[in-house]
There are 2 protein chains.
Amino acid sequence: MSSATLEPRRWVAAFLGAASLTALAPARRDPLPSWNEGPAKKAIIEFVKATTDKTSPQFVPVPERIATFDQDGTLWVSHPMYTQVMFILERVPALVKAKPELAKVAPYSTVLEVLKGDRAAVAQLTEKDLLELLAATSTGMSVETFQAEVKKWIAEAKDPRWKRPYTELTYQPMQEVMKYFRDNGYKTYIVTGGGQDFVRVYSEQTYGIPPEQVVGSAGGTSYGYDNNGKPYLTKDPKLLLNDNNAGKPEGIHLMIGRRPYAAFGNSGGDRQMLEYTRAGSGARLAMLVLHDDANREYAYGPAQGLPDTKVGTFPQSLYDEATKDGWIVISMKKDWKRIFSFDK
Amino acid sequence: MSSATLEPRRWVAAFLGAASLTALAPARRDPLPSWNEGPAKKAIIEFVKATTDKTSPQFVPVPERIATFDQDGTLWVSHPMYTQVMFILERVPALVKAKPELAKVAPYSTVLEVLKGDRAAVAQLTEKDLLELLAATSTGMSVETFQAEVKKWIAEAKDPRWKRPYTELTYQPMQEVMKYFRDNGYKTYIVTGGGQDFVRVYSEQTYGIPPEQVVGSAGGTSYGYDNNGKPYLTKDPKLLLNDNNAGKPEGIHLMIGRRPYAAFGNSGGDRQMLEYTRAGSGARLAMLVLHDDANREYAYGPAQGLPDTKVGTFPQSLYDEATKDGWIVISMKKDWKRIFSFDK
């Protein structure tokens, strides 16, 4: 076969090499293969096209392309307990070993019961208890020590249901959304109620999001010197930013300084971030993941009659606000072809 | 002339077009044309080469390439008064117009005297006065209102000596350093004692640094709704981060979460940022601009016998620490061929 019999595109591809064939036909590949066709997938693709096509009235210049993603329940599994809460609980035995008198004092005694297998005892832990445990296990040490401990724990710890590292329990459809946004010039940020220092340890490897693009609840640090005069930062128990609810737009302003064009969440704690995003001019995308798939993951609301929960609550009022204000609710059951990268 | 008589490189360039000629010979261009040859220029170029050459033992992967720059006195003129202090003082008349009773109350009365021409009266303003004026002029309004006021002021205000907008009084040699770093895969950040919300308004246009890469002193904001239910953020008088001295490494950890490989400053307020930078492993560059050029800009220290100052003080102890610990002091007089882009 002579080159004259080839179509022009194929001829160019043959001349330049196989890589160029892909470059010439990027539109053919589905950017969201783990999504079923439907209103959610359609909304994402239409939003990206509208904001990146130079001829579109809703075009957004590259530097302004910011998309924010809640983490727990939006990017990875957060039931039956937040991963960071597991980290905190599992650090208690070492704490008790160093200070044996804590073994008989609540909330430490309660945590020891939970870790022995009495899962129901976790319900006894109040928010105040969790804050005390957070301060006891995650402050008063250098930033490097904390990072090393998180790194070690996250590499070894496993989710009890899937028997896999927590970092494998990210939602494949959301990984595709983040990559699709980045491939189209968006900077993707995590905006999480979880600890900023905690999430930053694994965000780059797990989500392709560098530490400087992780906004989370953050405590202060104190600069000081060790005995050799080498400076280091100590983690303080003082909370600077509670990155939940109104704290999310406040944290976005503090850490990014621009209003997002797209925001993704899954619970009442994301309400204000989505409102703030939608309040901007032009095309603004607000999406909420609804956990309505008890078989493949979990089902909880209490929106739409789903079981109630204390972890990542999606109240009916949030569902109603979404419907009224043009936000898109993602049904895990209907919209996601697969949940995890290891699903068939 | 036939193509056979051209050298191969020129032949390729002629074939591919002029743009490729530049691409083939980037090393020929001096990246720092406003710098005189000397130890400072040499240190910058050697650092960038050592950290970006893949065969170098000091190679730094692209995502970790972070360089931080103080603003006042490092990137632009800060004498006789910080630009943001001028902004604050010049907003007082509008404040007094709205509340006439303030005209006879210090520190407002003092500011009115200063603005009438009694420049010496500015010395009466204490740090507490300045914080009161900052709160009175820069909080209690929406983020958007503040941004619009800064944008308007910075476009109109002029420095009394050069009769030019403050944003033209950036140091051309430092603009070249920032561009050189960015061209070599570094993310450049401003880390300033100035207000984060203030600097972010003009940072992209003035320095090529986007708002999310400006770390500065920051107050809290409060999320709320207007009468139409539209959400907005109000600037609060509560200080979250005092980004000076120890606050600089603390702010870097909060906002970036990585230790810089290079840091530039000019005063005692930058000491801890430079210490923190140098405390990392591998090649770490710490540089200080010394204002020793009374003719072309200003001369102040009191390091090295230069006149003392309250604005951007460079104490002898900082000079000694720099010498002892391998930081590089940039002599404005000797190292900079020109100061401003408008210099001949």
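Observations on the model:
- Subset of the stretch B:225-235 [more than 8 Å from chain A (Cβ to nearest Cβ) and surrounded by fewer than 21 Cβ atoms within 10 Å (Cβ to Cβ)]: B:TYR225, B:ASP226, B:ASN227, B:ASN228, B:GLY229, B:THR234
- Some residue of the stretch A:146-159 being of a type outside the set (Phe, Trp, Tyr) and either at the interface with chain B (Cβ under 10 Å from one of its Cβ atoms) or at positive phi (or both): yes
- Residue list for the stretch B:256-284, filter: at the interface with chain A (Cβ under 9 Å from one of its Cβ atoms), in a loop (DSSP other than H, G, I, E, B) and free of Cβ contacts under 8 Å to residues at least 60 places away in the same chain: B:GLY257, B:ALA279
- Verdict on B:LEU290 being within 14 Å of another protein chain (Cβ to nearest Cβ) and within 24 Å of B:PRO39 (Cα to Cα): no
- All positions within the stretch B:155-202 that are more than 11 Å from the chain's Cα centre (by Cα) and among the aliphatic types (A, V, I, L, M): B:ALA155, B:ALA157, B:LEU169, B:VAL177, B:VAL201
- Extreme residue, surrounded by the most Cβ atoms within 10 Å (Cβ to Cβ), among residues of the stretch A:254-296 that are over 21 Å from A:PRO173 (Cα atoms) and polar (S, T, N, Q): A:THR277
- The single residue among A:ALA286, A:ALA246, A:ALA279 that is of a type in the set (Gly, Ala, Ser), out of contact with any Gly (no Cβ under 9 Å at 6 or more places or on another chain) and at pLDDT 95 or above turns out to be A:ALA279.
- The stretch B:145-174, residues that are of a type in the set (A, V, I, L, M, F, W, C) and in contact with a strand residue (DSSP E or B) (Cβ under 8 Å, 6 or more places away or on another chain): B:PHE146, B:ILE154, B:ALA155, B:ALA157, B:LEU169, B:MET174
- Any hit, the stretch A:138-151, residues being in a helix (DSSP H, G or I) and under 15 Å from A:THR110 (Cβ atoms): no
- For the stretch A:99-141, the tally of residues that are within 28 Å of the chain's Cα centre (by Cα), loosely packed, with under 13 Cβ neighbours inside 10 Å and over 19 Å from A:MET81 (Cα atoms) stands at 0.
- For B:LYS337: the one exception among (1) crowded, with 21+ Cβ neighbours inside 10 Å; (2) among the charged types (D, E, K, R); (3) closer than 21 Å to B:TRP76 by Cα: (1)
- Any hit, the stretch A:246-255, residues being outside any helix (DSSP H, G or I), within 11 Å of another protein chain (Cβ to nearest Cβ) and farther than 30 Å from A:PHE340 by Cα: yes
- Hey, A:ASP243 touching a strand residue (DSSP E or B) at 6+ places or on another chain (Cβ under 8 Å), of a type in the set (Asp, Glu) and in a loop (DSSP other than H, G, I, E, B) or not: yes
- Residue in the stretch B:311-326 that is within 14 Å of chain A (Cβ to nearest Cβ), under 15 Å from the mean Cα position of the chain (by Cα) and not β-branched (Val, Ile, Thr) present: no
- From the list B:ASN245, B:ASN295, B:ASN266, the one residue that fits, being touching a Leu at 6+ places or on another chain (Cβ under 7 Å) and polar (S, T, N, Q), is B:ASN266.
- Among the residues making up the stretch B:286-307, a single one is within 17 Å of B:VAL77 (Cβ to Cβ), among the small types (Gly, Ala, Ser) and not in a loop (DSSP other than H, G, I, E, B): B:ALA299.
- Residue under evaluation A:ASP129, criteria (1) modelled with pLDDT under 95; (2) within 30 Å of A:MET332 (Cα to Cα), criterion not met: (2)
- Selection of the stretch A:164-222 for residues being within 12 Å of another protein chain (Cβ to nearest Cβ), of a type in the set (D, E, K, R) and not in a strand (DSSP E or B) yields A:ASP197, A:ARG200, A:GLU204, A:GLU212.
- B:VAL329 being at pLDDT below 95 and away from chain A (no Cβ under 14 Å): no
- Among residues of the stretch A:40-86, those that are polar (S, T, N, Q), buried (at least 17 other Cβ atoms within 10 Å of the Cβ) and assigned to a loop (DSSP other than H, G, I, E, B), counted: 3
The values are calculated or read from the model by the stated rules, or taken from the named source; none is laboratory data. Quantities reported herein were computed from a predicted structural model and do not represent experimental measurements. Because the Cβ atoms are built from the backbone with ideal geometry, glycine has one as well, and the counts that use them run over all protein chains shown.
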